[in-house]
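Shown next, in C-alpha cells, is the structure this report addresses.
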Amino acid sequence: MATSPSTERRTAAGLLWTPFAALIKLIDLPMRAVQRLIGERRMAYVFLLPNLLFFSLFVFVPLIVNVVFSVTGGAALFPSERPFVGTGQYAYLFDCGSFLDPNSCREDHFWRGVANTARFTLFQVVAMVLFSLVTAVVLNMRIKARGFFRAVYFFPVLLSPVVVALTWKWILQRDGLLNAGITALGGERILFFVDPSWAMFWAVFVSIWAHMGFYTLILLAGLQAIPADLYEAAEMDATPRWRAFWCITLPLLWPNMVVVIVLALIKGVQTFDEVFVLTGGGPGTATLMVVQYIYETAFSNQVQNFGLAAAASVVLGVVLFTLTLAQLAASRRKDA
Amino acid sequence: MAQLTLSGITKSFGTTTVIHGVDLKVEDGEFVVFVGPSGCGKSTLLRIIAGLEEVTSGMIAIDGEDVSRLPASERGLAMVFQSYALYPHMSVYKNMAFALENMGLKTPDIDQRVRRAATMLRLTDYLDRKPKALSGGQRQRVAIGRAIVRDPKIFLFDEPLSNLDAELRVATRKELAGLHAELGGTMIYVTHDQVEAMTLADRIVVLQGGRIEQIGTPLDLYNAPDNLFVAGFIGSPRMNLLPARISGPGTVAVGEDGQVVETGIVAPLKPGATVTLGIRPEHIALAKNGEAGLTMTIDLVERLGGESYLYGSAPGLPQITVRLDGQTSHGRGDSVTIRLPIAHQHVFNEAGKAMGRQ
Ligand SMILES: Nc1ncnc2c1ncn2[C@@H]1O[C@H](COP(=O)(O)OP(=O)(O)OP(=O)(O)O)[C@@H](O)[C@H]1O
Ligand SMILES: [Mg+2]
C-alpha cells in the first residue's frame with residue numbers, strides 16, 4: 001500500500017516529535033517530584049526561576065556593582081582593589097556654583113550633558129507628540145493607500161539607530177546630499193555640524209524621524225479605539241470639527257498621549273547612539289548627552305574614571321526610575 | 001416639528017444597491033415606524049434622512065426645503081443610536097448640554113433645558129454621573145434626553161430599545177409613546193420588532209430588500225396586508241399561510257388531499273390557479289359537530305390559562321397555528337376540524353398580491 005502524502009507528513013512530524021516527547025518526559029519526571037514537594041501553586045515560581053536567574057546575572061548584579069563602583073575611587077577594575085570614598089564621587093559631581101550654569105561646576109561636562117539632554121528631551125518630546133498626533137490623525141482618516149503610508153511611517157522604527165544616524169550624516173555633512181541640493185539651487189553650503197544650533201536641531205530631527213512611527217502607532221491604536229458612532233453623534237449634535245477634536249478625540253486619546261509623553265521622555269533622557277554617531281557630541285560639547293558623558297568618562301578618556309561614571313549612572317538611573325513609575329501609574333490609570 | 005418628504009431615494013454601496021427608490025411623506029407630528037427584517041435597509045434609510053449617509057439619487061426635503069446635500073449638522077435633526085453613542089468621558093449633564101453649547105446658547109438657558117429634560121426622563125439624580133455608572137435603561141434615557149433638549153425638527157431612533165431586556169423594553173416603549181404624546185414632535189423610529197411597530201406607530205412603513213412593501217396604520221396592515229410579505233410579517237403569532245388551488249367558484253382546495261375550503265374571492269382567477277390562503281391564528285375557530293372545515297391533527301398544545309395555542313398539521317400544509325380563548329380540552333394527537341371564516345380570510349395570487357374580496 002502506498003503511503004499518502006499526509007501520512008508521510010505525519011511521519012516527518014513524528015520524527016521531530018519523538019525526541020521532543022522524550023525530552024518532555026525527561027523534564028516531566030523531576031518536575032512532578034518538585035510539584036509534589038512544594039505544591040501546585042508554588043510551581044509558578046519554579047517556571048519563573050530561569051529567567052529570573054538571567055535577569056539577576058545581567059541586570060540586577062550589574063546594578064549593584066554599579067552602585068558599589070560609585071562609592072569607590074581609583075582606576076582599578078576589580079571592586080576589591082578600589083578604595084572606598086563614600087559619597088565623594090557624588091560630591092564631586094554635584095560640586096557646582098550654580099546648577100543652572102555648567103561652567104560653574106567642577107565636572108562641567110556632566111552638567112553640560114545634563115543641560116543638553118534636558119533641552120534635547122524637551123524639544124523632542126513636544127515635537128514628537130505634535131507630529132505623531134497629526135500623523136496619527138491623518139493616517140486614521142479614510143485616505144487612499146492608507147496602509148502604505150502607515151507602513152512608510154513605521155519603517156524607520158525597524159532600522160538600527162546607528163544606520164539611521166549614518167544615513168542622515170551622509171545627507172547632512174559638508175559634502176552631503178542636502179548641501180549638494182542647496183548649492184545646486186545657488187545657495188551657500190551650510191555646515192550643519194559646525195553650528196551648535198543646527199547640530200542640536202538635526203539631532204532632535206533625526207531622533208524624531210527615527211522614532212515617530214512607534215508613537216504614531218500608539219496614538220493610531222488609541223484613535224481607532226474611539227467608537228465611530230461618537231463622531232456621528234457629534235455630527236448630529238452639530239459639533240464643529242475643531243470642537244469634536246478638542247472635546248471628544250483629545251480626552252479619549254489622553255491615556256495614550258500620556259503613555260507617549262512618558263515613553264518619549266524616558267527615551268529622550270537615555271539618548272546616546274544616534275546623536276553620538278550623527279554629531280559625536282559636537283561641535284565642542286553642544287550635543288553631548290549624559291549617556292555619552294558616562295560612556296566617555298568610563299571607557300574612552302585617558303583616565304578611565306569608573307567611579308565617577310558609575311555615580312553619574314546612578315543619578316541618571318534615579319531620574320529614569322521616577323519616569324518609569326510615572327509611566328506605570330499612567331498606564332494603570334488607562335486600564336482602570 | 002417638521003414634515004419630511006422622501007422622493008425616489010436610492011442608495012448604493014459600490015455596486016450593490018441597498019435602497020431601491022423609496023417615496024414617503026411623513027406629516028408634521030407623526031410617529032412613523034420603519035419595520036422589516038434584518039438587512040432590509042432600515043438603518044441605511046434612517047441614516048440617509050439624518051445625513052450620515054449620502055443619497056445616491058433622489059431628494060430629501062424637510063418642510064419643503066431640499067436638504068439632500070446638507071451635512072447632518074445642518075439638518076437640525078436628532079438621532080438616538082442603537083448603541084446610545086453617549087460621550088463616555090462626559091457627565092450625563094454634559095452629554096445633554098454638549099449640543100446646546102454648539103448652538104451657542106447661554107448657560108442659564110442650557111441649564112434650564114437640560115434640567116427640564118432630566119425631570120421628564122427621571123434623570124435628575126444622575127446628572128453628575130458618567131455613562132459608565134448608569135444602567136442600560138438609564139443610558140437609553142440619556143440618549144433620548146440628548147435628543148430632546150435640542151428641540152429638533154425630527155427625532156430619529158435606530159432600534160433604541162434593542163439593547164434592553166424584555167421587561168425594560170416594554171416599559172420604555174410605553175414611556176416613548178408618552179413622550180411623543182407630550183412633545184408632539186415628528187418621530188421616525190426603526191425597529192425589526194413588529195410589536196414595537198404596532199404599539200408605537202401612527203403609520204408603519206414595511207421595508208424589505210430596500211423597497212417599501214406597504215405603508216399604513218398598524219390596523220390597516222393587520223386587517224388588509226397588501227402582500228404575502230406584510231401578511232407574514234405583521235401580527236404575532238404569524239398569519240397562517242396555506243398553499244391552495246382554486247377549485248371552483250368561491251372554493252379553494254388546500255393540502256395534498258385537496259380539502260375544500262370556502263372563500264369569498266374568485267374573479268379574476270381561473271380554477272386551477274395557485275393561490276395562498278391566509279388566516280390569522282386568532283380568527284380560526286373550532287368547527288362544531290357537523291360543520292364543514294379543514295381537518296388537522298394536533299401536534300402540540302400550549303396552555304397559557306387565558307388563551308391556548310394549538311399547533312396542527314395536515315398533509316402537504318405548513319404548520320397551522322390556532323389561537324383559542326380560554327382553555328381547551330384538546331390534546332396532542334387529536335384530530336380537529338377548524339373553521340376559516342370567510343370575512344377574515346386573505347387570498348394572495350401567485351405573485352403574492354392580495355386579491356380583493358367579493
Ligand atoms: N457601509 C456599508 N457598505 C456596504 N454595505 C452596507 C453598508 N451599510 C449597510 N450595508 C448593507 O446594506 C443593507 C442594509 O443595511 P442596514 O444596516 O440598513 O440594514 P437594517 O435594516 O438596519 O438591518 P438590522 O435590522 O440588522 O439593523 C445590508 O445588506 C448591509 O449589508
Ligand atoms: Mg439597523
**Message:** If B:Pro71 meets every condition in (1) in contact with a strand residue (DSSP E or B) (Cβ under 8 Å, 6 or more places away or on another chain); (2) within 14 Å of another protein chain (Cβ to nearest Cβ) apart from one, which number is that one?
**Reply:** (1)
**Request:** Could you check how many residues of the range B:182-210 are at negative phi, at pLDDT below 90 and over 11 Å from the mean Cα position of the chain (by Cα)?
**Result:** 3
**Message:** Tell me yes or no: at least one residue of the range B:144-164 is within 16 Å of ligand 1 (Cβ to nearest atom) and of a type in the set (D, E, K, R).
**Reply:** yes
**Request:** Tally the residues that are under 29 Å from the mean Cα position of the chain (by Cα), among the small types (Gly, Ala, Ser) and in a helix (DSSP H, G or I), restricting the search to the range B:133-145.
**Result:** 4
**Request:** From the list B:Ile110, B:Ile49, pick out the single residue that is more than 25 Å from the chain's Cα centre (by Cα) and within 14 Å of another protein chain (Cβ to nearest Cβ).
**Result:** B:Ile110
**Request:** State whether the residues of the range A:196-217 include one that is facing another protein chain (nearest Cβ under 8 Å), part of a helix (DSSP H, G or I) and not acidic (Asp, Glu).
**Result:** no
**Request:** Could you pull out every one of the helices (runs of 4 or more DSSP H) wholly within the range A:224-334 that has 2 or more residues that are farther than 30 Å from B:Ala147 by Cα and within 14 Å of chain B (Cβ to nearest Cβ)?
**Result:** A:250-270
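To keep it simple, each residue is scored yes or no on (1) more than 16 Å from ligand 2 (Cβ to nearest atom); (2) at the interface with chain A (Cβ under 9 Å from one of its Cβ atoms).
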site: B:Thr5; (1), (2): yes, no
site: B:Phe13; (1), (2): no, no
site: B:Val35; (1), (2): no, no
site: B:Ala61; (1), (2): yes, no
site: B:Ala99; (1), (2): yes, yes
**Message:** Return the residues of the range B:59-115 that are away from ligand 1 (no atom under 16 Å from the Cβ), touching a residue at least 24 places away in the same chain (Cβ under 8 Å), part of a loop (DSSP other than H, G, I, E, B) and of a type outside the set (Lys, Arg); say none if nothing qualifies.
**Reply:** B:Asp63, B:Gly64, B:Gly76, B:Leu77, B:Leu86, B:Tyr87, B:Pro88, B:His89, B:Met90, B:Ser91, B:Met103
**Complete:** Reported set for the range B:180-203 where residues are of a type outside the set (Ser, Thr, Tyr), closer than 24 Å to B:His344 by Cα and away from ligand 1 (no atom under 16 Å from the Cβ) is B:Met198, B:Ala201, B:Asp202, B:Arg203
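Return yes when B:Gly36 is touching a helix residue (DSSP H, G or I) at 6+ places or on another chain (Cβ under 8 Å), farther than 25 Å from B:Lys174 by Cα and either within 16 Å of ligand 1 (Cβ to nearest atom) or at pLDDT below 90 (or both) and no when it is not.
Numbers: touching a helix residue (DSSP H, G or I) at 6+ places or on another chain (Cβ under 8 Å): yes; farther than 25 Å from B:Lys174 by Cα: no; either within 16 Å of ligand 1 (Cβ to nearest atom) or at pLDDT below 90 (or both): yes.
When the stated conditions are applied, B:Gly36 does not pass them.
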**Request:** Would you tally the residues in the range B:78-89 being open to solvent by less than 10 Å² (accessible area, probe 1.4 Å) and either of a type outside the set (A, V, I, L, M, F, W, C) or more than 7 Å from every other protein chain (Cβ to nearest Cβ) (or both)?
**Result:** 2
**Complete:** Given the conditions (1) at pLDDT below 90; (2) touching a helix residue (DSSP H, G or I) at 6+ places or on another chain (Cβ under 6 Å), every one holds for A:Phe94 apart from (2)
**Prompt:** Of all strands (runs of 3 or more DSSP E) completely enclosed by the range B:296-358, which ones contain at least 2 residues that are without any contact (Cβ under 8 Å) to a residue 40 or more places away in the chain and open to solvent by less than 20 Å² (accessible area, probe 1.4 Å)?
**Reply:** B:307-313
**Message:** On the basis of being away from every other protein chain (no Cβ under 14 Å), within 16 Å of ligand 1 (Cβ to nearest atom) and either surrounded by fewer than 17 Cβ atoms within 10 Å (Cβ to Cβ) or more than 25 Å from B:Ile49 (Cα to Cα) (or both), does B:Val206 make the cut?
**Reply:** no
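Does A:Leu172 fit the bill of being of a type outside the set (Phe, Trp, Tyr), in contact with a helix residue (DSSP H, G or I) (Cβ under 7 Å, 6 or more places away or on another chain), modelled with pLDDT of 90 or more and surrounded by 16 or more Cβ atoms within 10 Å (Cβ to Cβ)? Give the steps one after another, and end with the answer.
Working: of a type outside the set (Phe, Trp, Tyr): yes; in contact with a helix residue (DSSP H, G or I) (Cβ under 7 Å, 6 or more places away or on another chain): yes; modelled with pLDDT of 90 or more: no; surrounded by 16 or more Cβ atoms within 10 Å (Cβ to Cβ): yes.
It is false that A:Leu172 is of a type outside the set (Phe, Trp, Tyr), in contact with a helix residue (DSSP H, G or I) (Cβ under 7 Å, 6 or more places away or on another chain), modelled with pLDDT of 90 or more and surrounded by 16 or more Cβ atoms within 10 Å (Cβ to Cβ).
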**the range B:116-132 - residue that is part of a helix (DSSP H, G or I) and touching a helix residue (DSSP H, G or I) at 6+ places or on another chain (Cβ under 8 Å) and, of those, nearest to B:Leu77 (Cα to Cα)** = B:Ala117
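Can you confirm whether B:Ile148 is within 27 Å of the chain's Cα centre (by Cα) and open to solvent by less than 10 Å² (accessible area, probe 1.4 Å)? Can you show your working first?
Details: within 27 Å of the chain's Cα centre (by Cα): yes; open to solvent by less than 10 Å² (accessible area, probe 1.4 Å): no.
Considered against the rule, which asks whether it is within 27 Å of the chain's Cα centre (by Cα) and open to solvent by less than 10 Å² (accessible area, probe 1.4 Å), B:Ile148 comes out as no.
Quick one: in the range B:164-174, which of the residues that are over 17 Å from the mean Cα position of the chain (by Cα) and of a type outside the set (D, E, K, R) is farthest from ligand 2 (Cβ to nearest atom)? First the steps, then the outcome.
Residues of the range B:164-174 over 17 Å from the mean Cα position of the chain (by Cα): B:164-165, B:167-168, B:171.
Right, trim to of a type outside the set (D, E, K, R) and you get B:164, B:168, B:171.
Details: B:Leu164: 16, B:Leu168: 20, B:Ala171: 23 Å.
Once the filter is applied, the top-ranked residue is B:Ala171.
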**Request:** Would you point out the residue of the range B:153-163, among those that are away from ligand 2 (no atom under 16 Å from the Cβ) and open to solvent by 10 Å² or more (accessible area, probe 1.4 Å), that is farthest from B:Glu74 (Cα to Cα)?
**Result:** B:Phe155
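Residue-wise test of (1) at pLDDT below 90; (2) assigned to a helix (DSSP H, G or I).
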{"site": "A:Leu77", "(1), (2)": "yes, no"}
{"site": "A:Leu100", "(1), (2)": "yes, no"}
{"site": "A:Gly113", "(1), (2)": "yes, yes"}
{"site": "A:Val126", "(1), (2)": "no, yes"}
{"site": "A:Ala136", "(1), (2)": "no, yes"}
{"site": "A:Arg142", "(1), (2)": "yes, no"}
**Item:** Enumeration of residues in the range B:149-180 that are in contact with a strand residue (DSSP E or B) (Cβ under 6 Å, 6 or more places away or on another chain) and away from chain A (no Cβ under 14 Å)
**Value:** B:His180
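The values are calculated or read from the model by the stated rules, or taken from the named source; none is laboratory data. Computed from a predicted model, the values in this text were never measured in an experiment. Positions of Cβ are generated from backbone atoms using ideal geometry, with glycine treated the same way; all protein chains shown enter the neighbour counts. Keep in mind that these areas ignore ligands, DNA and RNA; they rest on the heavy atoms of the full protein, side chains included. Shrake-Rupley method; radii C 1.70, N 1.55, O 1.52, S 1.80 Å.
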